[in-house]
Amino acid sequence: MRVTARPRRTIVAVAGVALAIGTLTACSGGTSGTPSDDGSSSSLPKASDLKDPTSPVTLNYVGAAYASDALKPVFAKFESEHPNIKIKYESVPFNDLNNILSVRLGSGGSDLDIYDADMPRTAAYATRGWLTDLTPVFGDISSKVDKASIDASTIDGKLLAMPLQTSTQLLYYNKALLTKAGIAFPSPDPGQRTTWEKVSSDGAKAQAAGAKHGLVFDQVDRYYQEQPLPESLGGGPGATGDGNLTPAVNSEQWVKAFEWFGKQFADGISPRGIPAAETANAFAAGQTAFFAGGPWWAGMFADPKAKLEFGVAPYPYFAGGKAITPTGAWSLGLNPNSQNKEAALIFMNFMGLEGNGFTEYIETIGIPPANLSAAAKYFAQPIFADPRMKEAESIMNYEIANTATTRLKTAGYIEFEDVMTKAFSDIINGTPAKQALDKAQSDLDSAWAKYR
């Protein structure tokens, strides 16, 4: 994701890309998602023993998280401290990233050194042999990086990528629309968070009082956004068994969660026909009572031109269930076949662990950093001084520490994301939840056969 836009590319699987990468032959013994044991990690030095090269080295870096201009000051600072290491950065569209990685890493290529790794795809990349075990180098990084980001970048106890960003969600609400409908604002206290049932009921009341939409989901048909629904009811992330390769998306809890979800659209509380790229516009236009979405939208909502009076509350949960919030963003992967591993590790350490990491050197931090010490700079940005966002910092810190739940960790995640996007879209458009989820269960069982 680029800092100027939502981190949708962290979450979205595009069908064509998914098919392209999904057709790759899985590595033998890859169901656990661990890289092949080629000795590439065991010989790596510890972070404290990393030494700059004595002659010039150029690191080839492919990224989809940031535009080149955003990272120029980061690279300039790094290169001033490490004059023998130059960064050659290629910014690519997220939709092209998997194809590019497949071409440049899939045949054992060594010209690519480091790359942006989408956290939920860590196991899939590892199974394909595209990641290096970083554990011998960096060890325990829990004092420097948030727990959920470490979890998302770790497979079978091995740190396979350097976490750079994290994420969470908020419940935005339109104060004017709720006041007009006589609805009390939801509590900002995570211990008193509202429920999905109440949001639905209050959204309908707000519509009766004049709101166009009662509830809009940001990434409306994406697993990142919807995972908390079945998880709140105890339904799990969507798979079980060895390597999480036994699909479990049609359980009683999953069906119950998505019957509720589908009902929001059938009853007109949530709108059909608004693509994920435009959902935030509905809230920014003052038409929506509740918006479940990321903190990266706050700048749009707070724009003086919008003249929007809003507040934020913790992400809802189902009554009687558990509070669950989405998380995960980008990390940095190291090609096992890189000929410049030590220089790459020095750069990874700089990006993720030194001081405030790379966020120290960029102007706008659009996405929450995984580096714990960088949080102070993130929350020092002007948007968090806006009275409408005054509760956001405490809510976000609580969620990241307590309710953040990583997406399904499986070698088959890319296929999973594609299949579930289709299922959610079908449910939105009127397919009964049980029917759509049964089909998803069958499709996943077939798609994952190659990994078993």
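The values are calculated or read from the model by the stated rules, or taken from the named source; none is laboratory data. Values in this document were obtained by computation on a predicted structure and should not be read as measured data. Don't worry about glycine lacking a Cβ; one is built from the backbone with ideal geometry, like all the others, and counts go over all protein chains shown. Heavy atoms of the whole protein, side chains included, go into the accessibility calculation; ligands, DNA and RNA do not. Shrake-Rupley method; radii C 1.70, N 1.55, O 1.52, S 1.80 Å.
Pairs with C-alpha atoms separated by more than 22 Å, drawn from the list 341/409; 212/263; 77/390; 46/158, are 341/409; 77/390. Listed values for region 57-69 are Karplus-derived 3J(HN,Hα) couplings in whole Hz (6.51 cos²θ - 1.76 cosθ + 1.60, θ = phi - 60°), namely 10, 10, 9, 8, 10, 10, x, 10, 7, 9, 5, 4, 4, and x replaces Gly and Pro. The helix-based estimate of mean residue ellipticity at 222 nm for the chain, built from -39,500 (n - 2.57) per DSSP H run of four or more residues and divided by its residue count, is -10500 deg cm²/dmol to the nearest 500. Rounded to the nearest 20, the size of the Cβ-charge dipole of the chain about its Cα centre is 880 debye, with Lys and Arg at +1 and Asp and Glu at -1. Within region 404-436, name every residue whose backbone N is under 20 Å away from a label modeled 7 Å from Cα of residue 442 along the Cβ vector. In region 404-436, the label zone of residue 442 (backbone N under 20 Å from the point 7 Å along Cα→Cβ) covers 415-436.
Projecting each Cα onto the charge dipole of the chain (Lys/Arg +1, Asp/Glu -1 at the beta carbon, about the Cα centre), which of 73, 87, 449 comes out farthest on the positive side? Among 73, 87, 449, the one farthest towards the positive end of the dipole of the chain is 73.
Can you list the residues, at least 5 places off or on another chain, whose amide H is less than 5 Å from the amide H of residue 57, using H built in the peptide plane? Answer set, sorted by chain and number: 85, 86. Overall shape: oblate for the chain, with the ratio a/c of the largest to smallest alpha carbon gyration tensor axis at 1.5 or above and b/c at least equal to a/b.
Per-residue extension of 0.36 nm, minus the Cα-Cα distance of residue 142 and residue 285, leaves a gain of 47.4 nm for this segment. For region 248-262, putting each phi into the Karplus relation 6.51 cos²θ - 1.76 cosθ + 1.60 with θ = phi - 60° gives couplings of 8, 10, 10, 6, 4, 5, 5, 5, 4, 4, 8, 5, 4, 4, x Hz, in residue order, rounded to whole numbers and with x for Gly and Pro. Overall, the anisotropy analysis places region 108-193 in the prolate class: the square-rooted eigenvalues a ≥ b ≥ c of its C-alpha gyration tensor yield a/c not less than 1.5, with a/b exceeding b/c.
What is the extension gain from residue 339 to residue 309, computed as 0.36 nm multiplied by their sequence separation minus the C-alpha to C-alpha distance, in nm to one decimal?
5.4 nm
When you filter the trypsin sites (Lys or Arg not before Pro) in region 189-238 for DSSP loop state and at most 16 other Cβ atoms inside 10 Å of their Cβ, you are left with 212.
Rg/Rh for region 176-282 (Cα atoms only, Rh after Kirkwood) is 1.02.
Can you give the accessible area per residue of region 304-404, in Å², using a 1.4 Å probe?
37
The distance separating the Cα centre of region 289-306 from that of region 113-180 comes to 24 Å. Here the Kirkwood formula puts the hydrodynamic radius of region 256-295 at 11.1 Å, using every distinct Cα pair.
Taking a ≥ b ≥ c as the square roots of the eigenvalues of the Cα gyration tensor of region 291-417, is the shape rounded (a/c under 1.5), prolate (a/b larger than b/c) or oblate?
oblate
Considering only alpha-carbon pairs that sit under 8 angstrom and 6 or more positions apart, the relative contact order computed for the chain is 27 percent. Residue-wise HN-Hα couplings along region 196-210, as the Karplus relation 6.51 cos²θ - 1.76 cosθ + 1.60 with θ = phi - 60° gives them from phi, are 4, 4, 6, 4, 4, 5, 5, x, 5, 5, 5, 5, 4, 8, x Hz; Gly and Pro carry x. With a cap of 15 neighbouring Cβ atoms within 10 Å, and only residues DSSP puts in a loop, list the GluC sites (Glu not before Pro) found in region 361-452. Listed in order of number, the matching sites are 363. Once backbone amide H atoms are built at 1.01 Å from N, residue 159 has 134, 135 as its partners under 5 Å, excluding neighbours fewer than 5 places away on the same chain.
On the beta carbon distance between residue 81 and residue 393, with R0 = 35 Å, the FRET formula returns roughly 0.70.
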